[in-house]
Amino acid sequence: MAFNSSSSLSSNDKRWVIEIRNFFEEEIDDDGIDMPVCIFNVPKTLKAIKPEAYTPQLIALGPYHHWREDVYEMERYKLVCAKRVQAQYKNFQFQHLVNKIMKTEYHVRACYHKYLEMDGETLAWMMALDGLFLLEFLQAYAYKNASALTSSARMNHLVDSAGKKLACDSILKDILMLENQLPVFLLRKILRVQHSSSDLADNLLPHMFIGVCRELSPIKFDENYLPSKVLERVHLLDILYHLLVHMPDLQQPQVEDDQIKEDEGEPDLSIGNDMETLPKDWKLLSKLNIGVMGKLKDAISSMAIKLVAKLPVKIISKAPMLSAIAPALEQFLPSSKNESKPPSVEEIMVPSVSELCEAGVEFCPTEGDLTSIIFDGKARKFHLPVVHIDSHTEVVMRNLVAYEALALSGPLVFARYTELMNGIIDTPEDVKLLRENKILVNHLKSDKEVADLWNGMSKTIRLTEVPHIDQAIADANAYYNNTPRVKFCRLMKKYVYRSWRMLIVLVTVLLLVLMALQSFCSVYNCHRVLNLNGQTNVLH
């Protein structure tokens with residue numbers, strides 16, 4: 001066993017040396033060396049929330065998931081597809097395509113963020129099979145009226161009639177995943193070899209990409225996108241992103257710490273750090289169950305403590321005095337099982353759809369893209385692009401957010417849009433209001449599923465600011481905060497809640513006085529004096 005292991009290690013070392021030597025000896029275009037990495041592994045922080053949204057479930061394209069057993073079964077369908085193409089085009093030879101791809105091996109490797117542990121010939125065969133399959137699948141979308149049904153009709157040779165629609169939906173999700181992308185230049189080369197014509201391939205490929213993006217995009221985009229620009233993009237997910245987000249003039253502004261505080265404007269209820277001995281005093285008082293202290297505890301349990309228990313959770317958590325007397329509160333009052341849980345996802349500070357509607361705001365759909373997001377305070381209108389929610393939407397949006405954070409250095413426009421929608425949608429009622437205002441088109445079973453979808457979107461990898469979206473958020477907050485109802489709540493928080501601070505101090509002083517009184521009575525027998533006074537009053 002040791003001999004086999006050392007032999008395998010030696011073989012890998014030799015292959016590595018051969019690859020490095022060939023890299024320096026072969027002539028490589030400068031474009032291949034300068035080609036940016038565009039196909040990444042999704043970070044664990046994003047994938048941990050919902051791994052199935054980033055991991056292919058039916059078909060693997062490219063090297064990242066090629067050897068997974070649960071998707072390897074589709075390899076035979078890829079072979080069937082390759083044989084069909086070879087039979088359809090008489091001048092097409094699969095080996096000739098593999099040889100062409102082998103000449104661009106380093107271009108292909110340069111696209112992937114992860115080191116590919118396979119030789120050049122294996123990589124070329126893999127890319128040829130995967131590329132042919134993807135192009136065969138996308139060919140139905142080259143026509144404007146094509147849909148998933150026409151694409152599934154082309155898959156009759158792959159699955160039976162009962163499963164072709166389901167298989168098509170699964171493939172549509174898989175081909176948009178970041179880890180499942182194939183470089184555009186590779187697909188362009190395969191199509192040129194297949195059709196023996198560069199012009200035909202360059203005209204057909206953009207229409208295929210635009211067609212499938214039309215099928216999968218949750219937001220309407222400008223379909224007059226130049227074919228030449230499509231071919232300049234690096235892969236299918238990159239094409240969809242730039243169809244939805246095309247704001248090259250935006251620059252990433254610096255995020256200030258005071259701009260991301262969620263509790264801005266809340267009263268500071270801290271009293272100090274000099275009350276560390278209060279828990280011990282409470283422990284001592286809780287043991288005094290006779291005389292005056294027994295009656296005191298009954299009074300406190302029925303009045304003061306119950307009032308303190310009604311304070312908001314944020315105030316209790318930020319008041320050291322209340323946290324110090326927590327043991328006594330637990331003794332006097334029954335524990336509550338319905339404790340409020342912290343939100344699983346951090347949200348931006350913006351009122352929900354229901355709150356804005358109650359404040360008189362009207363939500364208006366736009367036919368534009370993400371640049372059409374505007375809040376008009378004078379007209380009390382919130383303009384948002386129409387978004388279609390179906391079974392593909394969550395996978396598409398999550399991978400767009402991941403790609404944007406990993407590949408782009410500018411502002412995270414799409415991520416900021418998802419944060420905005422996450423902020424204004426809290427409940428199914430919010431979804432219902434957006435649906436009634438024709439901003440949201442729901443193809444799922446219920447409004448709750450849509451609300452869960454938006455609320456499940458995670459925060460982005462890094463903080464970002466997008467001027468026009470942030471301006472809309474700021475305008476919405478400014479309008480909502482100036483409504484009479486919100487002003488009244490803020491006055492209550494500022495003046496009424498802060499009065500509890502003084503009340504807590506007074507209660508503490510009272511308890512200390514009563515402790516002194518208890519000590520005094522234990523020495524001088526105050527209860528006898530009280531009894532005598534009581535008898536005297538009776539006699540009179």
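Laid out as a table, the results:
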{"read-out": "Flag if Asn203 is modelled with pLDDT of 85 or more, surrounded by fewer than 16 Cβ atoms within 10 Å (Cβ to Cβ), over 19 Å from His443 (Cβ atoms) and not hydrophobic (A, V, I, L, M, F, W, C)", "value": "yes"}
{"read-out": "Qualifying positions in segment 426-438 - within 15 Å of Pro385 (Cα to Cα) and surrounded by 20 or more Cβ atoms within 10 Å (Cβ to Cβ)", "value": "Val431, Leu433, Leu434"}
{"read-out": "Of all residues in segment 439-459 being among the β-branched types (Val, Ile, Thr) and more than 19 Å from the chain's Cα centre (by Cα), the one that is farthest from Val386 (Cα to Cα)", "value": "Val441"}
{"read-out": "Segment 44-67, residues that are of a type in the set (A, V, I, L, M, F, W, C), out of contact with any Phe, Trp or Tyr (no Cβ under 8 Å at 6 or more places or on another chain) and assigned to a loop (DSSP other than H, G, I, E, B)", "value": "Ala48, Ile49, Leu58, Trp67"}
{"read-out": "So Leu406, is it within 30 Å of Arg214 (Cα to Cα), open to solvent by less than 20 Å² (accessible area, probe 1.4 Å) and either among the aliphatic types (A, V, I, L, M) or at pLDDT 85 or above (or both)", "value": "no"}
{"read-out": "So Ser458, is it under 27 Å from Leu46 (Cα atoms) and modelled with pLDDT of 90 or more", "value": "no"}
{"read-out": "Residue within segment 471-482 that is open to solvent by less than 90 Å² (accessible area, probe 1.4 Å), within 31 Å of the chain's Cα centre (by Cα), farther than 30 Å from Glu404 by Cβ and at pLDDT 85 or above present", "value": "yes"}
{"read-out": "Close pairs (8 angstrom Cβ cut-off, 6 or more residues apart or separate chains): modelled with pLDDT under 95 and of a type in the set (S, T, N, Q) in segment 126-146, in a helix (DSSP H, G or I) and buried (at least 23 other Cβ atoms within 10 Å of the Cβ) anywhere", "value": "Gln139/Met208"}
{"read-out": "Residue that is modelled with the highest pLDDT, among those in segment 30-49 that are charged (D, E, K, R) and open to solvent by 60 Å² or more (accessible area, probe 1.4 Å)", "value": "Lys44"}
{"read-out": "Counted residues, segment 78-106 - those being of a type in the set (S, T, N, Q) and surrounded by 13 or more Cβ atoms within 10 Å (Cβ to Cβ)", "value": "3"}
{"read-out": "Residue pairs meeting the criteria (Cβ under 8 Å; at least 6 apart or on separate chains; first assigned to a helix (DSSP H, G or I) and at pLDDT 70 or above, in segment 490-514; second among the acidic types (Asp, Glu) and open to solvent by less than 70 Å² (accessible area, probe 1.4 Å))", "value": "Leu511/Asp281; Leu512/Asp281"}
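The values are calculated or read from the model by the stated rules, or taken from the named source; none is laboratory data. Every value quoted in this text rests on a predicted model; they were computed, and no experiment measured them. Neighbour counts run over all protein chains shown; Cβ positions are idealised from the backbone, glycine included. Just the protein is used for accessible areas: all its heavy atoms, side chains included, with ligands, DNA and RNA removed. Shrake-Rupley method; radii C 1.70, N 1.55, O 1.52, S 1.80 Å.
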